[in-house]
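The values are calculated or read from the model by the stated rules, or taken from the named source; none is laboratory data. Nothing here was measured: the structure is a model prediction, and the numbers come from that model. Cβ: placed from backbone, ideal geometry, glycine included. Neighbour counts: every protein chain shown.
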Amino acid sequence: MDLKSRPNNPSLGNVITFRSKDFVKWADGVLEGVLRRSPVGSGVDYLTKDFFNWATRNSIYPLHFGIMCCALEMAVASAPRFDAQRFGVIYRSTPRQCDVLLVNGPVSKKLKPALRRLYDQMPGPKWVIAMGECAISGGPFYNSYSVVPGVDQFIPVDIYIPGCPARPEALIDGFIKLQKMIKESKKGLLTGK
Amino acid sequence: MGERGTRFLREGMERPASRIDDVPEEKVIRSLIDSFPSTVTDFKKLGKGVVRARIARRDLYRCCKFLKDQLGFEHLSMISAVEYDKRFEIVYHISCYGSCLLLELITSTPKDDPSVDSVTSIWGGANWQERESYDLMGIKFNNHPKLERILLPKDTLYHPLRKDFKGGG
Amino acid sequence: MWINMGPQHPMTHGLWNLRIKVDGETIVDAEPEVGYLHRGIEKLCENRTYTQIIPIADRLCYGSSLTWSHLYCMTIEDLMGLEVPPRAEYIRVVSIEMQRIASHLMWLAAYAVDLGAMIGFIYTMRDREVFIDLLQALTGSRLTYNFPRIGGVAHDIPPNFERDSLRACDYMEKKLKEYEDLFDGSKVFMMRNQGVGVLRKEDAMNLGVTGPPLRASGVKYDLRKDMPYSVYPEMDFEPATHPDCDCYARYRVRMDEMYESCKIIRQAVQKMPKGKWRTVAPRNAPAGTGLGRVEDPRGEGMMYVVGDGTDRPYRLKIRSPIFVTVSAAKKMLVGYKVADVVAIMGGLDMCIGEADR
Amino acid sequence: MNLYEFCYGIIHWLVDLINHLWYWLGNVFPWWFGDFFNAVGDLAASHGNIVVFTILLEVLVILIIAVVNVLNFIWIDRKFMGRMFDFYGPYYVGFRIGGWLQNIADGIKLFVKEIITPAKADKIGFYLGPVIFVSSSFLALSTIPLGRNFGIATNPSGLGVPASALIAFAFFAIAPFAILISGWSSNNKYTLIGGMRSAAQMMSYEIPMLLTVASVFLLAGSFDFMDIVSAQHDIWFAIPLALGFVIFLVCLVAEVEIQPFDLPEAEAELVEGWTTEYSGMRFGFFMMTSYLRGYIGGALTTALFLGGWHGPALIPEPIWFLIKAYIVFVVIEWMRWSTPRVRVDQLLNIGWNRLMPLAMLNLLIAASMKTMGWF
């Protein structure tokens, strides 16, 4: 048997020639297959779906990322008068620990790669909120040579919050809309259904 | 105009003749004329404490040095570049902390060779403003320590504020 | 080791990048990089009519948008040779000073968070709402007001505005005392600020630094006093200065400016004359140039407009104070610790909207 | 309440139940099968086995108490912060019981999140960091008794671990290495600086802290929490050693990395400090453990300085202990939300130039009090 041409996901037939990494991968695959495709997976999902969904929608961590005017309203939204913390909204500074990318301003061509990178650095499940006209369509700068007209040209956007700048109430409303959206798109962790 | 204080008056409004000698802008004009008789021209008083003058490109650096060292213009407020049909005009707004004067120094450069001497070594604040003028208008500043694009990405090919650039705006 | 701080970094309060070279924790080189928020406003303005530019000028600086639309209107009035009714000037001064207080409070909030004192953020944001409410009553909007017009202001003041603004000033002065207790009374705050980010007088003047950082370096230069515009000559106030040149001096200057602003608001509200608040501006401006200079909360704001006789400006150049101030960052940063970056750059009150334009 | 006896009782009952099963099997099956089952029953019922299982059950009970307390602490942190800051804190989540469920929601959400390992990270260190951090903190917890008879013990009347206070501090001091490992292996400059800062900070505050603790040991004449607490029956050590108490609190704040001394995760300059690259449940563990360390800190302060579980007999001992720990925690939180952060060189200055001599002085005071025969 040719050892060099081992398939990535070997079947049981050549179990003798496994390396430990292959074995782990194989075991992983088998377990995952069992969990995902068998009634075990869907049963677990059935039991935990609501709970996980409740947790996910009640603990939204947006990225602490200010671009323009709306960034101030974002700050105000977490200050005493509007108090977004009531809904479990806590700003984290690193994309690794965030659920929501809050784009609150025009995206210039210089920023575009950085923003895309931030989005890619976030762990899933993740959502994007386009806050304010600039993020939705470019706003007053829609025909500028330097502004990308709308953040949805390169990042999928879930919630649009209109306003120039969007008021803090509107931002909180956006978070509640996002909660509703998460609630409606209920998915099991294992089967993805 | 004194009470409402002001905004810069239009040319044509004149102040009482008797006080002209006391006003420092006259002194500035006089000393500039004395030092650069041929290159500094076209003086105009725009309002209280605002003087406009034109200067030939070759004497810009020397004149700025003179302004800073001899006349105490310590603050370079703004460098703006304006494009006209045949030339670029570069407008320096230079002000003085002590006497609260603002000097609008205009120099022009032909379109095929848009370059002037950098004044960064005189006023450190000119550094980024010159880079900006280079970035947006494409004016070259000789002897600038680091003449690179500042606002736009490094690989941009155009100078957006030029009138022949039609993309956006 | 080069460290990139930005564009997404809690220190930046906006969208810029500070590259610092560190040796251990000590900074040996620094290089700010701006341009992430460049919107090409100067180009946009060339293709908008004079009236259409007011909202765009508002969006130049999100911290103090009123100042910029006011500056824009002043510049165009200078170009057109318009006279503004006195009542409009008084309304403008009141609103600008309110905006200045709101802007400084926003700065204080951000600065407190930078230094780690969350409580400062919360208290200042809470009290900022008072002035935001007043401005909202005056202009109808929270952040970008679109209020000044070429030749006046958009509306007259609403009913009870005088009473409310006087009350707000009293409230603010009381609260400022509280902030002084909170910050000046805190040993840790003083430790973080005193002797940090020293920018000597000569350097500040040479590098074109304006506004509170310049006054904190001991230069008494305030355009409201030195080249007075609007109705500032009739106001009795004293530009705040401090001789220490460090972060604490910048903090102190801004605090004192808030006191002065309260004073100006009181005087302006009490002296406000009756009459028109707006004149009709022509659609086309004459060919020529116009210049406006104001004392923005962040420094010297300046606009230079070239008109060509049409209804659009031929060229509009904006001088942003922060754009020039941030280029002095290296002078202030080198030799201090990484932790001082937040104190020093926070103390400049960065507002990238106007720096990038 | 005697935890050992309680657990022993439960385990004994369970073992009896199982034994009956074995003996019944022994009776049912004939011949050597029956003998075998009887022998197994005897083996299972041996005293040693029961003690082992009792200790395991104790550990479980203490763990549950700790986790519930940590959830409470996070909740108190948020609500107390809210009260200080003029807002409500978490409110609308779940059944609206004051937002207590917010922590659970956060935890579960982090559990559901994707876990990212950066491509250029040092894998082993990246995985090992959180493990060491969490486990060492829990180990430190295991040695602290909540009451005279409410700790992890091997007999009805006392602790299982002699010199438990020393062991607690030993475990408590492992964390900076974990932070250093995870900071270095994340392959990120912020995490690296955070890890280095953490190491420097903990090294320099460990020493004054242990010196003050040494003064407590001196007065109590023992390394054991039981003896230390019972030595405070008449007077809390916080009163004669007031200086030491303050030093200990300051060092504690530095050790658990909260606000005036939270340099390793200084949010303003180092994004999220050494946790910057961690996502999902790994970050959840870090977050939980930082509060757990707050709880341990409160418990240590209570045991060493605030008279442990001593208090009017109306309330059970563990509750007294927890009340005091909560109060210490709230005081620490109060400091956290109202002071700015110090700089790293200032921090080291405070540690070496101020706290060290004061800790020495405190030790001297304790020694002289001991020689005077007051304790």
Problem - D:PHE126 buried (at least 18 other Cβ atoms within 10 Å of the Cβ) and in a loop (DSSP other than H, G, I, E, B) - result: no
Practice task
Take the range D:186-218 and flag every residue that is crowded, with 24+ Cβ neighbours inside 10 Å, assigned to a helix (DSSP H, G or I) and hydroxyl-bearing (Ser, Thr, Tyr).
Solution key: D:TYR190, D:THR191, D:SER198, D:TYR205, D:THR212, D:SER215
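Scan the range C:95-104 and give yes if some residue there is within 12 Å of chain D (Cβ to nearest Cβ) and closer than 17 Å to C:LYS175 by Cβ, otherwise no.
In the first step, residues of the range C:95-104 are kept if they are within 12 Å of chain D (Cβ to nearest Cβ); the result is none.
No - not one qualifying residue is present in the range C:95-104.
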Handout entry: Single match in C:ALA88, C:ALA102, C:ALA112 (criterion: small (Gly, Ala, Ser), in contact (Cβ under 8 Å) with a residue 24 or more places away in the chain, closer than 15 Å to C:HIS70 by Cα and part of a helix (DSSP H, G or I))
Key = C:ALA88
Exercise for the section: Please work out which residue is nearest to C:SER103 (Cα to Cα), limiting yourself to the range C:212-226 and to residues that are assigned to a loop (DSSP other than H, G, I, E, B) and within 11 Å of chain B (Cβ to nearest Cβ). Expected result: C:ASP222
Practice task
Among the candidates C:ARG250, C:ARG319, single out the residue that is surrounded by 23 or more Cβ atoms within 10 Å (Cβ to Cβ) and within 30 Å of C:VAL22 (Cβ to Cβ).
Solution key: C:ARG250
Fill in the blank from the handout: Scanning the range C:183-211 for residues that are part of a loop (DSSP other than H, G, I, E, B), more than 12 Å from chain B (Cβ to nearest Cβ) and aliphatic (A, V, I, L, M) gives C:VAL196, C:VAL198
Problem - Residue list for the range B:90-147, filter: among the polar types (S, T, N, Q), part of a loop (DSSP other than H, G, I, E, B) and within 15 Å of B:MET78 (Cα to Cα) - result: B:SER118, B:THR120
Exercise for the section: Considering (1) within 14 Å of chain B (Cβ to nearest Cβ); (2) free of Cβ contacts under 8 Å to residues at least 12 places away in the same chain; (3) within 24 Å of B:LYS146 (Cβ to Cβ), say which one C:GLN52 fails and leave the rest. Expected result: (3)
Problem - First in the range B:95-112 and under 16 Å from B:PHE66 (Cα atoms) and within 10 Å of another protein chain (Cβ to nearest Cβ), second anywhere and assigned to a strand (DSSP E or B) and polar (S, T, N, Q), Cβ under 6 Å, 6 or more apart - result: B:SER95/B:SER77; B:LEU102/B:SER95
Handout entry: Residue within the range C:200-217 that is surrounded by fewer than 23 Cβ atoms within 10 Å (Cβ to Cβ), out of contact with any helix residue (DSSP H, G or I) (no Cβ under 8 Å at 6 or more places or on another chain) and within 30 Å of D:PRO260 (Cβ to Cβ) present
Key = no
Handout entry: Scan of the range D:83-103 for residues that are assigned to a helix (DSSP H, G or I) and either touching a Lys or Arg at 6+ places or on another chain (Cβ under 6 Å) or more than 7 Å from chain A (Cβ to nearest Cβ) (or both), ordered by number
Key = D:ARG83, D:MET84, D:LEU101, D:ASN103
Completion exercise
Taking first residues from the range C:129-144 that are free of Cβ contacts under 8 Å to residues at least 40 places away in the same chain and second residues anywhere that are in a loop (DSSP other than H, G, I, E, B), the pairs with Cβ under 7 Å that are 6 or more apart or on different chains are C:GLU129/A:ARG81; C:ILE132/C:ARG142; C:GLN136/C:ARG142; C:ALA137/C:PRO158; C:ARG142/A:ARG167
Practice task
Pick out, from the range A:1-97, the helices (runs of 4 or more DSSP H) lying fully within it that include 2 or more residues that are over 30 Å from A:VAL148 (Cα atoms) and modelled with pLDDT under 85.
Solution key: A:20-37, A:39-58
Practice task
Could you please give the count of residues in the range C:72-84 that are farther than 13 Å from C:ALA285 by Cβ and either away from every other protein chain (no Cβ under 11 Å) or part of a helix (DSSP H, G or I) (or both)?
Solution key: 1
Problem - Given (1) crowded, with 24+ Cβ neighbours inside 10 Å; (2) touching a residue at least 24 places away in the same chain (Cβ under 8 Å), number of the condition D:ASP262 does not satisfy - result: (1)
Problem - Residues located in the range C:227-278, provided they are among the charged types (D, E, K, R), within 23 Å of C:PRO86 (Cα to Cα) and more than 14 Å from chain B (Cβ to nearest Cβ) - result: C:GLU238, C:GLU260, C:LYS263, C:ARG266, C:LYS274, C:LYS276, C:ARG278
Handout entry: Unique match (being at negative phi, among the acidic types (Asp, Glu), in a helix (DSSP H, G or I) and at pLDDT 80 or above) among D:ASP35, D:ASP16, D:ASP42
Key = D:ASP16
Practice task
Find the residue count for the range C:310-347, including only residues that are within 14 Å of chain B (Cβ to nearest Cβ) and closer than 30 Å to C:ILE76 by Cα.
Solution key: 17
Practice task
May I ask you to list the residues in the range C:274-326 that are small (Gly, Ala, Ser) and in a loop (DSSP other than H, G, I, E, B)?
Solution key: C:GLY275, C:ALA281, C:ALA285, C:ALA287, C:GLY309, C:SER320
Exercise for the section: Quick one: count up the residues across the range C:261-305 that are buried (at least 21 other Cβ atoms within 10 Å of the Cβ) and without any contact (Cβ under 8 Å) to a residue 40 or more places away in the chain. Expected result: 0
Fill in the blank from the handout: Picked from the range C:145-158 (must be outside any strand (DSSP E or B) and surrounded by 24 or more Cβ atoms within 10 Å (Cβ to Cβ)), the residue nearest to the other protein chains (Cβ to nearest Cβ) is C:ILE150
Exercise for the section: Count, please, the residues in the range A:77-110 that happen to be farther than 18 Å from A:ILE176 by Cβ, more than 9 Å from chain C (Cβ to nearest Cβ) and surrounded by fewer than 23 Cβ atoms within 10 Å (Cβ to Cβ). Expected result: 1
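If you take the residues of the range C:21-30 that are in contact (Cβ under 8 Å) with a residue 24 or more places away in the chain and either at the interface with chain B (Cβ under 10 Å from one of its Cβ atoms) or farther than 29 Å from B:HIS159 by Cα (or both), which of them is surrounded by the most Cβ atoms within 10 Å (Cβ to Cβ)?
In the first step, residues of the range C:21-30 are kept if they are in contact (Cβ under 8 Å) with a residue 24 or more places away in the chain; the result is C:22, C:25-30.
Restricting the remaining residues to those that are either at the interface with chain B (Cβ under 10 Å from one of its Cβ atoms) or farther than 29 Å from B:HIS159 by Cα (or both) gives C:22, C:25-29.
Numbers: C:VAL22: 18, C:GLU25: 17, C:THR26: 14, C:ILE27: 22, C:VAL28: 13, C:ASP29: 13.
So the residue we want is C:ILE27.
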